[in-house]
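Enquirer: Quick one: the structure is below, and I'll ask about it shortly.
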Amino acid sequence: MKDKILVVSAIKDGTVIDHISAKSLFKVISILGLDKIDKTITFGTNLESKKLGRKAIIKLSDIFFKDKDINKIALVAPDAKLNIIKNYEVVEKKVVEVPDEITGIVKCMNPKCITNSEKIVTKFDVLSKKDVKLKCRYCEKITDQEHMEILR
Amino acid sequence: MKNRSLVSINDYSKDEYLKILDLAEEFEKKPVRELLAGKIVATLFFEPSTRTRISFESAVNRLGGRIVGFSDSNSSSVTKGETLYDTIKIVSNYCDLIVMRHPLEGSARFASEISQVPIINAGDGANQHPTQTLLDLYSIRKTQGRLDNINIFMVGDLKYGRTVHSLLMAMSKFNKITFNFISPEELKMPEEYKIVLDNLGLKYYEHKDFTDIVSEADIIYMTRVQKERFSDPIEYEKTKNAYILKDHMLVNTKPGMKVLHPLPRVNEIDPCVDENPKAYYFTQALNGVYVRQAIISSILGLI
């Protein structure tokens, strides 16, 4: 125990999002709109992780997410794990899952798609969740994991 | 189908295809009907398309409707920088139905979400052109007497050709369809469509050359091989003449076999084929009017 240091301080009530790969931290912040929240939020990044190499962690005081909102981050942080904290205790653990539909968030990779030309919220049907494949509701073309660009 | 836009061939079920084809048969018997009296159809062609536009306008005229619109975006407020959103919002106030062609993919789906009146997609970039597919189905059924148990040969640009992709998707809803694809290596049918056929257990064969294999065909569906699709111009020069249909190539084909082509044709069908009774592409274009009459009247709930 004596070698362990808590690099990001504990919270009383709220949500801890752990196991975010370090390179995805700012995408997660952007997707969840954390840059526009006035609650106390602490971030840690480039922390050592056996699984991810370098991981990031976010601790959000007094913030709780609906499943449909938090699942949005599965596109960029598929390994993310959530701990729901009440009175310093973990009361619930959750994993994220890519939803069946993605609204907004992702840019359609087809340069000739109308969504890249007019002000339109993108909509995709998720064809594959593991190696993510998204089918644009407008141009019907597929945007894959490799070409996925996060909006905002 | 009443009040529902027709954006993608995948929006309609097999039964809905058949309903349109049955109606089109009625229009072929009696093309002039005053079903659209007092109705206005807007034809918004953000890029020019002579055949499709005239076919639609002819269909509306035969039904006794009126037409407003433009035939290329230079003569519309698009040149002033108006968004598609604004154009559709405004035009849908003025008419009962919008027929639109637009160079950007997904534009028709977007228009259908914001329009107060139904949209018929007359082509959105390389994406969809569903009325073409329905007239192709009509032509196949009319000449073969069936849509099941058809051996169809698709020839030319199978990579970028939206007509062959949509026709493949529509035909795959029927039973015992065999597909044969003849194309240069660079323009092969994309994997995603072959996966669809694999999943449905439908047979398909790929060929690089026009050979005697076409003797098995019920339908030969020709498309244009466009120069701009080739990264290597030498490769284009080498392949362009390999996919030209000539009269002698039809000698051993089945008596009832028909040659279809979405048109415009450039050089891929030798003009001497035109006189062959197996050439059907000009009648196919005529069928487009009956099919569009059927689609317009169904969507407006007039039949």
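Readers should treat all values here as calculations from the given coordinates under stated rules, not as data from a laboratory. Bear in mind that the values here come from a model prediction, so they are computed numbers and not experimental data. Neighbour counts run over all protein chains shown; Cβ positions are idealised from the backbone, glycine included.
Enquirer: Pick from segment A:101-111 the residues that are within 20 Å of A:Lys27 (Cα to Cα) and of a type outside the set (A, V, I, L, M): which of them is surrounded by the fewest Cβ atoms within 10 Å (Cβ to Cβ)? Outline the logic, then answer.
Expert: Taking segment A:101-111 and keeping what is within 20 Å of A:Lys27 (Cα to Cα), we get A:101-109.
Still in the running and of a type outside the set (A, V, I, L, M): A:101, A:103-104, A:107-108.
Values: A:Glu101: 11, A:Thr103: 13, A:Gly104: 14, A:Lys107: 17, A:Cys108: 28.
Ranking the candidates gives A:Glu101 first.
Enquirer: Mind telling me which of the residues A:Ile120, A:Ile114 ends up being buried (at least 19 other Cβ atoms within 10 Å of the Cβ), among the β-branched types (Val, Ile, Thr), over 21 Å from A:Lys27 (Cα atoms) and within 14 Å of chain B (Cβ to nearest Cβ)? Steps first, please.
Expert: On the way: A:Ile120 fails: over 21 Å from A:Lys27 (Cα atoms).
So the residue among A:Ile120, A:Ile114 that is buried (at least 19 other Cβ atoms within 10 Å of the Cβ), among the β-branched types (Val, Ile, Thr), over 21 Å from A:Lys27 (Cα atoms) and within 14 Å of chain B (Cβ to nearest Cβ) is A:Ile114.
Enquirer: Across segment B:222-280, what is the total count of residues that are outside any helix (DSSP H, G or I), charged (D, E, K, R) and free of Cβ contacts under 8 Å to residues at least 60 places away in the same chain? Give the derivation first.
Expert: Within segment B:222-280, the subset outside any helix (DSSP H, G or I) is B:222-226, B:230-232, B:244-246, B:251-270, B:276-280.
Subset that is charged (D, E, K, R): B:224, B:232, B:246, B:254, B:258, B:265, B:268, B:270, B:278.
Now restrict to residues that are free of Cβ contacts under 8 Å to residues at least 60 places away in the same chain: B:232, B:246, B:254, B:265, B:270, B:278.
Looking only at that region, the number is 6.
Enquirer: State whether the residues of segment A:81-92 include one that is more than 14 Å from chain B (Cβ to nearest Cβ) and part of a loop (DSSP other than H, G, I, E, B).
Expert: Filtering segment A:81-92 down to residues more than 14 Å from chain B (Cβ to nearest Cβ) leaves A:81-92.
Next cut, part of a loop (DSSP other than H, G, I, E, B) only: A:87-88.
Looking for residues that are more than 14 Å from chain B (Cβ to nearest Cβ) and part of a loop (DSSP other than H, G, I, E, B), one finds at least one in segment A:81-92, hence yes.
Enquirer: Go through segment B:88-106 and give me each residue that's assigned to a helix (DSSP H, G or I) and within 14 Å of chain A (Cβ to nearest Cβ).
Expert: Step one: list which residues in segment B:88-106 are assigned to a helix (DSSP H, G or I), which gives B:88-94.
B:Ile88, B:Lys89, listed by residue number.
Enquirer: Here are some conditions: (1) under 30 Å from B:Ala37 (Cβ atoms); (2) of a type outside the set (D, E, K, R); (3) within 14 Å of chain A (Cβ to nearest Cβ). B:Asn127 meets all but one. Which one does it not meet?
Expert: (1)
Enquirer: Let me spell it out: the conditions are (1) in a helix (DSSP H, G or I); (2) more than 14 Å from B:Tyr138 (Cβ to Cβ), and B:Ala42 meets all of them except one. Which number is the exception?
Expert: The number of the failed condition is (1).
Enquirer: Further question on the same structure: How many residues, within segment B:29-87, are out of contact with any strand residue (DSSP E or B) (no Cβ under 6 Å at 6 or more places or on another chain), under 18 Å from B:Ser115 (Cα atoms), within 14 Å of chain A (Cβ to nearest Cβ) and not aliphatic (A, V, I, L, M)?
Expert: Residues meeting the conditions: 5.
Enquirer: Of (1) away from chain A (no Cβ under 14 Å); (2) in a helix (DSSP H, G or I), B:Arg109 satisfies all except one. Which?
Expert: Failed condition: (1).
Enquirer: Then there is this: Of B:Glu192, B:Glu186, which residue is touching a residue at least 40 places away in the same chain (Cβ under 8 Å), assigned to a helix (DSSP H, G or I) and among the charged types (D, E, K, R)? Give the steps one after another, and end with the answer.
Expert: Numbers: B:Glu192 fails: touching a residue at least 40 places away in the same chain (Cβ under 8 Å).
So the residue among B:Glu192, B:Glu186 that is touching a residue at least 40 places away in the same chain (Cβ under 8 Å), assigned to a helix (DSSP H, G or I) and among the charged types (D, E, K, R) is B:Glu186.
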